[in-house]
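*Asks:* I am attaching a structure below and will ask some questions about it afterwards.
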Amino acid sequence: MNKTSSNIMALAPNTSNKRETVCIFGTGDFGRALGHKMIQSGYPVVYGSRSTQISNLIPKDAEVLSHAEAAQKAAIIIIAIQRQHYNFLIPLAEILRGKVVVDISNNLKLNQYPESNAEYLSQLLPGAKVVKAFNTVSAWALQSGTLDASRQVFVCGDDMEAKQMVMNIVRALGLTPLDQGSLLAAQGIENYPLQLFPMWKLPIFLSFGLTAFFFCYCLALDVIYTYIYENKNFSFFIAITIPNRVCPVMALILLALVYLPGVLAAIIQLYRGTKYRRFPDWLDKWMLCRKQLGLIALAFASLHVLFTLVSPMRSFVKWRNGKGIISQALNNKTEPLDSTNAWLSDSYLALGILGFFLFVLLGITSLPSVSNNVNWREFRFVQSKLGYLTLILCTAHTLVYGGKWFLSPSAYKWYLPNIYMLSLVVPCTVLVVKFVLVFPCVDKPLTQIRQGWERTPRYSE
Ligand code: NAP
């Protein structure tokens, strides 16, 4: 291999405290922001640009040279230029041989090109040590110093030493490098900033769909039915009454949907007699978005609490209570206290309060700052055991609310059940199946399967 003087200094270790010069190709937004941050961190910066004229946008202590001259001054060259212009690098291939070339580029679309930009760069510069880094950090965050939300920098590359040099720079800038492995990981790293809440899509669509369905269902039974058959206009129910029916129903169903894939997975494993076969794709996807489903359920439960707390302020509730008192006064008759009803209403409220408290606890433990501070067993205890307890309390809260009333014929308008009855289908199914799964005769083989036992071993000894 032909080693030029610039190549020899390419990977020379830095023995003094002085930082090595870094070259940045491109004086655009990102190049300037990164150069500024590097100069602040003590790195001499030299820019490689098509124009060597110094503009006042360029950091004060930086040099601006032609690409070839700038590249010869540094062992690390950061390419702050869009991929579509990379062809200009081909004539510089010899100068860049043996150097660490950092690709920071992003695309406009997911998987826009057959290969990642970093792999494309390494095809254009076969002698260079290409490393992917910095693409998840924005120029604005670098410049303004607001890096709290995006302190992590994904780094990948085939040359360990080159990757280490880039990771040292990342650390010196006050950021956290995360080694993602070889250059094969570059495509995933380039797709990362283009993703739009990938884990939230399914839970959000499901929540929208179910909310719209239950809202229309309540509208038909509580407003339209009453208007047609009782000639009463309860259209104002749309503001608080109906949302306060839909929110608890959604909270309960979504919480049950967090635990349903777990019991389905257990049934599949018991049926197959092994854990070494993949679950169907839909079940895999469902399991991956359980945290998001749980958080949306918590949001619905919180709305239910707020809607319930403002109830006494509603003029409809004040009117209904006043009407009851006046009718008792007119009839000169006080309704006796029904202790069964008092028990039911207090138990209903107590179950709701306890259920909501545990719901909030589950939400708090799912925060990364909290879950990072508990071990795997503690996390499972909270998310599984306390999670099921929350589901039991919330299901009991709904059952006690419905009580005997669920069986009354007036609960069936147009022969349709009340939404509270519908909301119990999924949670009751989950709880019944879970109850069966904890029986020793079912739990024992399931535990064995999860520890690697197979009914029909694939490899006989
Ligand atoms: P930009 O403002 O458009 O700057 C790109 C620079 O490339 C130009 O200033 C120019 O520098 C150089 N250039 C343009 N056409 C060229 C050509 N035909 N040949 C050679 N050089 C050319 O873009 P940017 O926002 O800085 O982004 C640069 C790279 O960083 C992109 O790959 C982008 O995906 C990535 N990135 C940007 C951000 C961000 O927040 N902006 C975040 C992460 C990653 P000279 O005039 O000095 O030659």
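*Asks:* Based on what the data block shows, is Phe359 part of a helix (DSSP H, G or I), closer than 14 Å to Ala301 by Cβ and either in contact (Cβ under 8 Å) with a residue 24 or more places away in the chain or not hydroxyl-bearing (Ser, Thr, Tyr) (or both)?
*Replies:* Here the answer is yes, as Phe359 does meet what is asked.
*Asks:* I would also like to ask the following. If you scan segment 407-461, which residues turn out to be charged (D, E, K, R) and over 30 Å from Thr226 (Cβ atoms)? I'd like the intermediate steps shown before the answer.
*Replies:* First, pick out the residues of segment 407-461 that are charged (D, E, K, R): 413, 434, 443-444, 450, 454-455, 458, 461.
Result: Lys434, Asp443, Lys444, Arg450, Glu454, Arg455, Arg458, Glu461.
*Asks:* Same structure, new question: Are there any helices (runs of 4 or more DSSP H) wholly within segment 257-352 with 3 or more residues that are more than 37 Å from the chain's Cα centre (by Cα), and if so which? Lay out the reasoning, then the answer.
*Replies:* Values: elements: 281-288, 290-309, 315-330.
Because the criterion is at least 3 residues that are more than 37 Å from the chain's Cα centre (by Cα), the helices (runs of 4 or more DSSP H) in segment 257-352 that meet it are 315-330.
*Asks:* Looking at segment 380-393, can you tell me whether even one residue there is farther than 30 Å from Ala342 by Cβ, free of Cβ contacts under 8 Å to residues at least 24 places away in the same chain and surrounded by 15 or more Cβ atoms within 10 Å (Cβ to Cβ)?
*Replies:* yes
*Asks:* Shifting gears a bit: Which one is farthest from the ligand (Cβ to nearest atom), of the residues in segment 111-160 that are part of a strand (DSSP E or B) and not charged (D, E, K, R)?
*Replies:* In the first step, residues of segment 111-160 are kept if they are part of a strand (DSSP E or B); the result is 129-132, 152-157.
Of the ones still in play, those that are also not charged (D, E, K, R) are 130-131, 152-157.
Details: Val130: 14, Val131: 14, Gln152: 14, Val153: 11, Phe154: 12, Val155: 14, Cys156: 15, Gly157: 17 Å.
Ranking the candidates gives Gly157 first.
*Asks:* Sticking with this one: List the residue pairs whose Cβ atoms are under 9 Å apart, where the first residue sits in segment 26-48 and is among the acidic types (Asp, Glu), the second is near the ligand (Cβ under 7 Å from one of its atoms), and the two are 6 or more positions apart or on different chains.
*Replies:* The qualifying pairs are Asp29/Ala80; Asp29/Ala139; Asp29/Trp140.
*Asks:* Oh, and also: Quick check: is even one residue across segment 188-210 of a type in the set (A, V, I, L, M), under 30 Å from Ile104 (Cα atoms) and assigned to a helix (DSSP H, G or I)? Before the answer, list the steps.
*Replies:* First, pick out the residues of segment 188-210 that are of a type in the set (A, V, I, L, M): 189, 194, 196, 199, 202, 204, 206, 210.
Cutting the leftovers down to under 30 Å from Ile104 (Cα atoms) gives us 189, 194, 196, 199.
Then drop every residue that is not assigned to a helix (DSSP H, G or I), which leaves 189, 194.
Yes, segment 188-210 contains a residue that is of a type in the set (A, V, I, L, M), under 30 Å from Ile104 (Cα atoms) and assigned to a helix (DSSP H, G or I).
Since every read-out is calculated from the coordinates, none of them should be taken as a lab result. Being a predicted model, the structure only gives us computed values, none of them experimental. Positions of Cβ are generated from backbone atoms using ideal geometry, with glycine treated the same way; all protein chains shown enter the neighbour counts.
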